[in-house]
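Read the structure below first, then the notes.
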Amino acid sequence: MVPQESDEHATGVMLSDILEDLGVDNGRLLVAPEAENGKVRGTVIVDAEDDAAVQHSSLVLLIGARGRAALPTVRRLIPHSPSAIAVKGTEDELEAVRELLIPAGIGLIAVSPSLRWDRFERIAKDRIQEPAVNTGATTIIHRDLFAIAQTTATLTKGHVVIEDPANRVLAYSPASNDVDELRRLSILARRGPERYQKLLKESGIYKHLQAVEAPIHMEANPAEGLRERVAIGIHAGRRVLGYIWLQEGLEPLASNTDKIMVGAARHAAIELVRHRNEQSQALRRDRISSLLSGTAQIHSQAQSAGIDPSKPAALVLISAKGDDETAAGLQLRRGELANVASIHAAAYRPGAVVGAIGLEIAMILPDLDPVKSPPAINRLINVIVRDARIHLHCQVQAAVGPVVERLDALHGTLEHVRNVLAVLAETPSINVASYSDVETTVLTRELLELLGSRPGLRHEGITLLCNRYPEFATTLLTYLEFFGDVNRCAEELAIHRNTVHYRLRRACEVAGIDLHAADQRLLAHLQIRLWAHS
């Protein structure tokens, strides 16, 4: 088999970037390449039966041999100094290959048997080609644009290309077999074919895209081999920064495609302006932190984001939990979640700010109506959670904070919203909840946290009960949770009701409390619950 090489890139990308896109379930790095060999400048598929040369610093996808059977081919490849070699097999099956490559300074990737090599190659090529896009010194391209293209394509069930005002391709979603000739040529040439661009200009489509922030639909043209398309301009005030083109795939476009396109255009505008200003990747995270700081920074940050700090606002926190809890897995999942949230939030409010705060994604929604906005926000967040769960294949939950009168009062709701998220974490069946939905539970948690921070506020008898007789303490807590219903308590603990009566009597004797006294009953309930959750 003749090796198939990708176009070599002048500078290359880090192998870790390709692995991040590949996902830990599909490929695991068993040997890290040496520092000087850590960049990948191209991919090459090599059949184990071929004696073919490969280029220096390439990523070799070794097909036709698995595990230890790959050793002869790997030995032949070592003198060519590839950056890394990808072989299918488990860590145990590849142990001999691993020992061979460690002294050579060449990386080794254990590839899942279920992963198709063509998919691996496409993922690697997309990342290698991504920084190779060069549209001139005035445009700074960053992987965030590719993430926007991919997320938009996923949500709309189509294929996306993002162009600058000169119709040069800035970013695109990974291509598949159902793209038409126009999209294929646009990606290959880094700009739309001149013949088609001329037709679009003559039809007045560009005038529409430049005039308004609204999608325009173009019907399929079978004679020209074109599928249905949707386009929207990327606007920053009166200036047009580019265009987003969406091509229909094998499935019909999503019903909310227009709204997603508006959000994608607004999100892309933020990124393009950020790139033009050469701002850091941490801008959105820093802006979120500043807007929730409760300091004078709020006003300057709000003004720079085009937000009126005197108007009502609300905070939303979103979390995502999946099977991959490694640092890379968490970072990748948060980034994908932020992209989904950003597109929907921008469609709802142009001034919405989305960024990471701790392990969660924070969303600040400004310029709200205290009466009309809450139902709309709940609908928005439910859509975000639904789309994120479907497309990220993980558990996603969101806590919606109250609408406060002014943006600078938003920091006061942060702990409340975090506690709402903590309550949701204990209730996986609930995806979205507002503060008012679980207010009692949140306040009880906060009260218990306050009590827990004061170790001196403990009843000695109840402390003795919890430490020495946990079964009695658990029975008393269950009895109090069920409002003194002995039958329900017995059913919950799977014991006889007479056993409940015995344990309650002994619990009161050990703790020295009287359940007929309301204050003693309340204290026992709070302190035992604090003990049970510690």
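Tabulated results
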read-out: Any hit, region 457-470, residues being closer than 30 Å to Gln395 by Cβ and not in a helix (DSSP H, G or I); value: no
read-out: Unmet criterion (only one of (1) surrounded by 21 or more Cβ atoms within 10 Å (Cβ to Cβ); (2) modelled with pLDDT under 90; (3) farther than 22 Å from Ala269 by Cβ) for Ala398; value: (2)
read-out: Among the residues listed as Ile364, Ile430, the single one being outside any loop (DSSP other than H, G, I, E, B) and in contact (Cβ under 8 Å) with a residue 12 or more places away in the chain; value: Ile364
read-out: Cβ pairs under 7 Å, 6+ apart, first in region 228-252 and within 27 Å of Ala305 (Cβ to Cβ), second part of a strand (DSSP E or B) and among the small types (Gly, Ala, Ser); value: Ile234/Gly242; Val240/Gly233; Tyr243/Ala231; Tyr243/Gly233; Ile244/Ala231
read-out: Condition met for Leu182 (in the same structural domain as Pro252 (by TED's automatic domain parsing), touching an Asp or Glu at 6+ places or on another chain (Cβ under 9 Å), at pLDDT below 85 and in a helix (DSSP H, G or I)); value: yes
read-out: Positions within region 191-206 being modelled with pLDDT of 80 or more and among the aliphatic types (A, V, I, L, M), in sequence order; value: Ile205
read-out: Subset of region 166-179 [modelled with pLDDT of 80 or more and either surrounded by fewer than 17 Cβ atoms within 10 Å (Cβ to Cβ) or under 21 Å from the mean Cα position of the chain (by Cα) (or both)]; value: Ala171, Tyr172, Ser173
read-out: Selected residue [at pLDDT below 85, under 27 Å from Ile384 (Cα atoms), over 24 Å from the mean Cα position of the chain (by Cα) and not aromatic (Phe, Trp, Tyr)] from Leu209, Leu226, Leu241; value: Leu241
read-out: Failed item, numbered, when Val420 is tested on (1) touching an Asp or Glu at 6+ places or on another chain (Cβ under 6 Å); (2) among the β-branched types (Val, Ile, Thr); (3) under 24 Å from Pro370 (Cβ atoms); value: (1)
read-out: Pair list, Cβ under 9 Å, 6 or more apart: region 61-76 residue at positive phi, other residue assigned to a strand (DSSP E or B); value: Gly64/Val46; Gly64/Asp47; Gly67/Val87; Gly67/Lys88
read-out: Residue within region 510-521 that is in a helix (DSSP H, G or I), within 24 Å of Val423 (Cβ to Cβ) and of a type outside the set (Lys, Arg) present; value: no
read-out: Filtered residue count, region 367-395, keeping only those that are of a type in the set (Lys, Arg) and either surrounded by fewer than 12 Cβ atoms within 10 Å (Cβ to Cβ) or over 15 Å from Lys321 (Cα atoms) (or both); value: 2
read-out: Any hit, region 331-342, residues being more than 23 Å from Ile234 (Cβ to Cβ), buried (at least 22 other Cβ atoms within 10 Å of the Cβ), out of contact with any Pro (no Cβ under 6 Å at 6 or more places or on another chain) and at pLDDT 90 or above; value: no
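The values are calculated or read from the model by the stated rules, or taken from the named source; none is laboratory data. The shown structure was predicted, so the numbers you read here are calculated from the model rather than taken from an experiment. Cβ coordinates were reconstructed from backbone atoms using ideal geometry, including for glycine residues, and neighbour counts include every protein chain displayed.
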